[in-house]
Amino acid sequence: MSSTAGVGDSATTSHFVRNATGLVRELSPFDAFNLVFSAVLIPVGITQALSFAPFFWPGANVLVAFLLSIPLVFCFGLVYLYFTVAMPRSGGDYVWVSRILGPGVGFVANLALTFVFTTWISFNFTSMLTLLMPSLGYIAGFTWAPDQLTQFLIASALTIVFSGLMMLGARRVARFMAVAFGIVWLGMAIWLVGLIFTSHSAFAANFQTQTGMSLAQVSAAAAKAGYAPGSSIDWRGTLFAMIFAFQVFTGFQWTGYFAGEIKNVRRTATMSILGALAVSAVLYVGGTALVYNTYGFSDFGSMVYLGFNSGSSTLPFAPYLASLVKFLSLPGFLQIFVALCFVLSVLWWTPTGFLIATRNLFAWSFDRLAPAGVAEVSERLHTPVIATVVIAVWVEVLNYLNIYQGLSALLVNVIAVMAVAFIAVALSAILFPFVRPTIYQSAPSLVRTKIVGIPVIVIAGVVMLISWGFVLYVAFTTTAFGQISAKSMIEAFAVPIIGLLYYLIVRVVRANQGIKLQAAFQEIPPE
């Protein structure tokens, strides 16, 4: 552990819980890459994009949507890369935004994102149990339809197991992630090969043999249900489908959240953030192109529209990508293995969700926005144990709300919350060189790169702001994430609203204790 000049003196560190975090920089470039690459969660992300976009916008071309989104997402990544290198502390955008726009804005924005990320842990448990496992069952020949109690018990067991793993420390988490990476991507590689070597005619023949239906019958049934993709690309639908691209790409930039534990910050952050984006972009674009080539754009759209049109489906399976593996020209045991890897991908990414949440909670505590005990770090394991327990309890609450109270239905507009939070990060990037010139000028040269005299971080921030502004616009003007209403917006924005009230209360409490909370946010936290 090292210290930062200007931060380690007593006048500054007295504003923090202590003068050193207790975290250790022990994650390698591959560890960091694997963590954020898992967060992109391509097996689930590509399933989501290709399942929902054709349903809401039948003529939308998801391949084109991915291609259009890549340069915009690249700027999103640059903002997080530059900030990670400039302020390499655990907590990521919480640290950056709180130092530029103010502690209240930084805390509320980061709290909102942490809430979104932790709900994804619970939602992915449910997706694994109710979406991916039935697909595995369809291919393997068994029926899987767990009731709510079974779902809750399994989700609770997984929450306990992964909380225990997190308490063992970042290095052990990284080892688990490396093994999971190898298994999942062996399965995904076989899936891609299966798509490459299965022609559309072979797929059609396999489909008719396995289901007793022809693709022509599926297309006719989908058309009767209202599927009308048109004869050419639907540009409006394709542009709107970019919101799915933004959502499924999100995660590749998360290195900043655990930046206090990575070795060689500049090299590791660059490799993990931009490397994860590059690999993800190739796989999303290549995978989507292969899906369209093998299954056919119109035939695939017909299956998706028919399969998810309530009351109209005549398909014997839910047309998720994992289910469609059954019609690839692969041996049966490989089909089962591929479908199993779709399931296991959720377990591969879960530690990353826990890591992000615990490090954000740790950062709040370190700045005295949460009880000091939450920032305690085990000297032996180098991990914040209490923060891990708090997040585990919170995820368990989300499991209950998700399974028994329909949390996912209440959060139909949660992407709007995420977009607003990312807009705050973009504004911070735009203002960074001007509002905090001392930190900006002392940052590594990479952060101070300019184009025609304008800092690149400012340019990237402008593109990021416009991009997430567009996502916010689509979230409010389409039904892709549910109907907009006062009730749904209150539900979706409840956490940021409560977070703001909490911050104001803490600020008053700290002032009464003689602690000038604002003073801690004038400097980067110590390491």
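Note on segment 198-221: residues that are in contact with a helix residue (DSSP H, G or I) (Cβ under 8 Å, 6 or more places away or on another chain) and either free of Cβ contacts under 8 Å to residues at least 12 places away in the same chain or in a helix (DSSP H, G or I) (or both) total 12.
Of these, 83, 74, which one is under 16 Å from the mean Cα position of the chain (by Cα), among the hydrophobic types (A, V, I, L, M, F, W, C) and assigned to a helix (DSSP H, G or I)? Spell out the reasoning first.
On the way: 83 fails: under 16 Å from the mean Cα position of the chain (by Cα).
On inspection, the qualifying residue turns out to be 74.
Of the residues contained in segment 251-263, none is found to be touching a helix residue (DSSP H, G or I) at 6+ places or on another chain (Cβ under 7 Å) and over 30 Å from residue 89 (Cβ atoms).
One line per residue, one yes/no per condition, for (1) closer than 22 Å to residue 255 by Cα; (2) at pLDDT below 90; (3) in contact with a Pro (Cβ under 7 Å, 6 or more places away or on another chain); (4) of a type outside the set (D, E, K, R):
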{"position": "358", "(1), (2), (3), (4)": "yes, no, yes, yes"}
{"position": "366", "(1), (2), (3), (4)": "yes, yes, yes, yes"}
{"position": "372", "(1), (2), (3), (4)": "no, yes, no, yes"}
{"position": "379", "(1), (2), (3), (4)": "no, yes, no, no"}
{"position": "385", "(1), (2), (3), (4)": "yes, no, no, yes"}
{"position": "394", "(1), (2), (3), (4)": "no, no, no, yes"}
{"position": "397", "(1), (2), (3), (4)": "no, no, no, yes"}
{"position": "400", "(1), (2), (3), (4)": "no, no, no, yes"}
{"position": "408", "(1), (2), (3), (4)": "no, yes, no, yes"}
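When 98, 135, 163 are checked against the criterion of being closer than 30 Å to residue 315 by Cβ and among the polar types (S, T, N, Q), a single residue qualifies: 135. Of all residues in segment 155-180, those satisfying the criterion of being surrounded by fewer than 18 Cβ atoms within 10 Å (Cβ to Cβ) and farther than 18 Å from residue 388 by Cα are 175, 178, 179. The helices (runs of 4 or more DSSP H) located wholly in segment 364-449 that include 1 or more residues which are over 30 Å from residue 466 (Cα atoms) and in contact with a helix residue (DSSP H, G or I) (Cβ under 9 Å, 6 or more places away or on another chain) occupy 385-405. Candidates 237, 260, 251: the one that is within 25 Å of residue 82 (Cβ to Cβ), touching a residue at least 40 places away in the same chain (Cβ under 8 Å), assigned to a helix (DSSP H, G or I) and not basic (Lys, Arg) is 260. Checked against (1) outside any helix (DSSP H, G or I); (2) at pLDDT below 90, residue 224 meets all criteria but (1). The set of residues in segment 369-386 that are within 17 Å of residue 89 (Cβ to Cβ) and either surrounded by fewer than 17 Cβ atoms within 10 Å (Cβ to Cβ) or touching a Ser or Thr at 6+ places or on another chain (Cβ under 7 Å) (or both) comprises 374, 375, 377, 384. Of the residues making up segment 53-71, those that are hydrophobic (A, V, I, L, M, F, W, C) and within 17 Å of the chain's Cα centre (by Cα) are 66, 70.
Of 461, 482, which residue is surrounded by 12 or more Cβ atoms within 10 Å (Cβ to Cβ) and modelled with pLDDT under 75?
Details: 461 fails: modelled with pLDDT under 75.
Unique residue meeting the criteria: 482.
Scanning segment 80-111 for residues that are over 20 Å from residue 462 (Cα atoms), surrounded by fewer than 24 Cβ atoms within 10 Å (Cβ to Cβ) and small (Gly, Ala, Ser) turns up just one, 104.
The values are calculated or read from the model by the stated rules, or taken from the named source; none is laboratory data. Given the structure is predicted, the values throughout are model-derived calculations rather than measurements. Heads up, the Cβs are rebuilt from the backbone with ideal geometry, glycines too, and the neighbour counts pull from every protein chain shown.
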